[in-house]
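Only one structure is covered here, and it is reproduced in the block below.
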There are 4 protein chains.
Amino acid sequence: MINFDALIIEDGIPIYLQIVRHIKRGIVSGVVKDRDELPSRRVLSAFLGVNPNTIQKAYRILEDEALIESHSGAKSYMSLDGARIAAVRDELVEADAKSSVEALKQMGVTKEQAIALIEKYWEE
Amino acid sequence: MINFDALIIEDGIPIYLQIVRHIKRGIVSGVVKDRDELPSRRVLSAFLGVNPNTIQKAYRILEDEALIESHSGAKSYMSLDGARIAAVRDELVEADAKSSVEALKQMGVTKEQAIALIEKYWEE
Amino acid sequence: MINFDALIIEDGIPIYLQIVRHIKRGIVSGVVKDRDELPSRRVLSAFLGVNPNTIQKAYRILEDEALIESHSGAKSYMSLDGARIAAVRDELVEADAKSSVEALKQMGVTKEQAIALIEKYWEE
Amino acid sequence: MINFDALIIEDGIPIYLQIVRHIKRGIVSGVVKDRDELPSRRVLSAFLGVNPNTIQKAYRILEDEALIESHSGAKSYMSLDGARIAAVRDELVEADAKSSVEALKQMGVTKEQAIALIEKYWEE
DNA sequence: GTGGTCTAGACCACC
DNA sequence: GTGGTCTAGACCACG
């Protein structure tokens with residue numbers, strides 16, 4: 001089952017979005033697989049020290065994106081296939097790179113300067 | 001004078017911050033220069049279709065950072081020198097690159113893949 | 001025995017309350033009589049496709065209002081007399097007519113239009 | 001401005017739906033007109049003794065149905081035209097009369113008795 | 001035990 | 001002042 005030990009709730013960004021992002025990163029990195037069981041709202045809320053409703057909101061978003069399946073009274077499971085995983089990868093990796101490139105271009109940074117920046121901060 | 005045609009107000013992020021960011025990107029790219037005249041609150045609010053107070057809030061922030069000079073009843077002008085421009089560049093460019101690198105690293109992307117992504121999206 | 005064919009579970013209002021209401025309507029219409037036997041929790045839950053606990057909750061409410069008699073392990077029976085039936089009639093018929101009249105009046109419908117509506121939908 | 005004195009919150013049905021219904025009845029009766037100003041979330045919540053969020057949920061539903069217009073920081077206004085009013089009328093009047101007829105029929109009330117009930121309560 | 005909804009209180013962004 | 005969001009607690013239906 002997916003592990004939430006590495007998820008440290010930080011301030012300034014909604015908790016339910018941090019949970020969504022954590023699960024999506026698990027999908028991209030391959031830690032989470034199809035048909036994996038998700039912790040129940042109550043269990044995860046107790047573990048993270050937040051309200052069950054906050055977990056519910058995160059799971060609901062993932063369900064709307066067809067990444068998990070929930071049925072009243074039953075446990076929740078991951079529902080992944082190649083297309084969905086690719087979509088999540090696009091959303092996280094490509095969208096991130098794309099918006100970064102756009103911002104840098106608008107500020108007059110050259111491609112060479114951008115690559116130099118990446119290399120510089122990669123080591124830190 | 002700085003052009004606001006390229007500024008498309010998007011939802012989810014405060015309008016006054018989008019205006020601030022747009023002007024700051026102009027500073028970094030060199031489109032905006034020292035002593036440039038800024039459009040009046042009234043003119044810009046009409047052009048963007050937002051409340052004059054929202055423009056006021058954006059200008060006030062820039063004024064607090066000493067990037068513009070306003071005198072009640074008179075026009076506002078950019079107030080830039082090498083140090084200020086460098087500070088804005090750091091704030092925008094470096095912060096952007098840094099957060100992007102961090103996100104990609106967290107998802108298991110290698111430095112080489114990251115650079116490839118930058119090059120790929122730079123052309124589009 | 002009371003028939004539950006006409007009971008169509010609708011969303012938005014608690015199922016156990018819908019069951020209570022259905023039985024009370026049977027009392028008012030005379031379909032349900034004193035000493036009538038009620039279907040067992042298990043049978044009714046299977047018929048309606050809901051959880052036995054939901055039936056239990058409905059029966060418990062009727063029991064609290066002294067409209068049925070239950071003894072653990074044995075069947076449940078209606079327990080009606082003139083006073084109880086009149087009370088239920090007041091609660092349902094009069095409350096229904098009253099709230100309906102109030103709603104229609106509030107919407108600017110005239111008495112004649114209201115009667116016409118009743119006649120129109122009575123035939124369908 | 002629309003009046004909420006006649007709205008008595010009752011149990012068993014979500015408060016926000018009762019508020020939605022009350023406003024829709026005002027639309028049908030003509031009490032509420034296009035461009036009418038709505039009470040703010042805070043004012044109405046204080047008046048009804050419920051949480052501002054409950055009002056927000058009701059207003060949000062009406063906004064989704066394009067019956068009101070809300071913009072952050074500004075007041076909320078009704079947004080009505082003939083087609084929208086007709087749609088609301090259908091939804092309320094017909095649904096109300098239909099469900100009332102169905103309930104009365106199920107309780108063994110005759111059409112004549114139903115009409116008598118309507119006339120009786122109409123005068124009160 | 002499970003998932004889901006309703007109401008509430010605190011807070012934020014905006015005009 | 002306005003509208004909007006986030007988190008929380010209590011409750012409901014269900015297996």
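Computed quantities for the displayed model
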| read-out | value |
| --- | --- |
| Complete set of residues in the stretch D:88-102 that are under 13 Å from the mean Cα position of the chain (by Cα) and of a type outside the set (D, E, K, R) | D:V88, D:L92, D:V93, D:A95 |
| So A:A116, is it under 30 Å from C:P52 (Cβ atoms) and either modelled with pLDDT of 90 or more or near DNA strand E (Cβ under 10 Å from one of its atoms) (or both) | no |
| Answer residue from the stretch D:1-31, given it is closer than 18 Å to D:E91 by Cα and more than 11 Å from chain C (Cβ to nearest Cβ) and is farthest from the chain's Cα centre (by Cα) among those | D:Y16 |
| Residue in the stretch D:28-39 that is within 16 Å of DNA strand E (Cβ to nearest atom) and not hydrophobic (A, V, I, L, M, F, W, C) present | yes |
| Test: residue in the stretch A:6-23 that is among the basic types (K, R) and in contact with a helix residue (DSSP H, G or I) (Cβ under 6 Å, 6 or more places away or on another chain) | no |
| Candidate set: the stretch C:11-28, residues that are among the β-branched types (V, I, T) and free of Cβ contacts under 8 Å to residues at least 60 places away in the same chain; chosen: the one farthest from DNA strand F (Cβ to nearest atom) | C:I23 |
| Hey, D:E65 more than 8 Å from DNA strand E (Cβ to nearest atom) and in contact with an Asp or Glu (Cβ under 8 Å, 6 or more places away or on another chain) or not | no |
| Single residue of the stretch A:29-48 satisfying the filter (surrounded by fewer than 14 Cβ atoms within 10 Å (Cβ to Cβ) and touching a residue at least 40 places away in the same chain (Cβ under 8 Å)) that is farthest from DNA strand F (Cβ to nearest atom) | A:K33 |
| Residue match in the stretch C:43-59 (condition: touching a Phe, Trp or Tyr at 6+ places or on another chain (Cβ under 6 Å) and of a type in the set (G, A, S)) | yes |
| Subset of the stretch D:103-119 (residues that are more than 8 Å from every other protein chain (Cβ to nearest Cβ) and not β-branched (V, I, T)) | D:E112, D:Q113, D:A116 |
| Given (1) closer than 29 Å to C:V93 by Cβ; (2) exposed (fewer than 13 other Cβ atoms within 10 Å of the Cβ); (3) away from DNA strand E (no atom under 16 Å from the Cβ), index of the condition D:E102 fails | (2) |
| Filtered residues of the stretch D:61-92 (kept if near DNA strand F (Cβ under 8 Å from one of its atoms) and touching a Ser or Thr at 6+ places or on another chain (Cβ under 8 Å)) | D:E63, D:S70, D:K75, D:S76 |
| Residue match in the stretch C:68-89 (condition: within 9 Å of chain D (Cβ to nearest Cβ) and not hydroxyl-bearing (S, T, Y)) | yes |
| Some residue of the stretch B:91-104 being in contact (Cβ under 8 Å) with a residue 60 or more places away in the chain and not β-branched (V, I, T) | yes |
| Failed item in (1) at the interface with another protein chain (Cβ under 9 Å from one of its Cβ atoms); (2) crowded, with 18+ Cβ neighbours inside 10 Å; (3) under 14 Å from the mean Cα position of the chain (by Cα); (4) of a type outside the set (D, E, K, R), with B:L62 passing the rest | (1) |
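The values are calculated or read from the model by the stated rules, or taken from the named source; none is laboratory data. Only a predicted model underlies this, so the values are computations on that prediction, with no experimental measurement involved. Because the Cβ atoms are built from the backbone with ideal geometry, glycine has one as well, and the counts that use them run over all protein chains shown.
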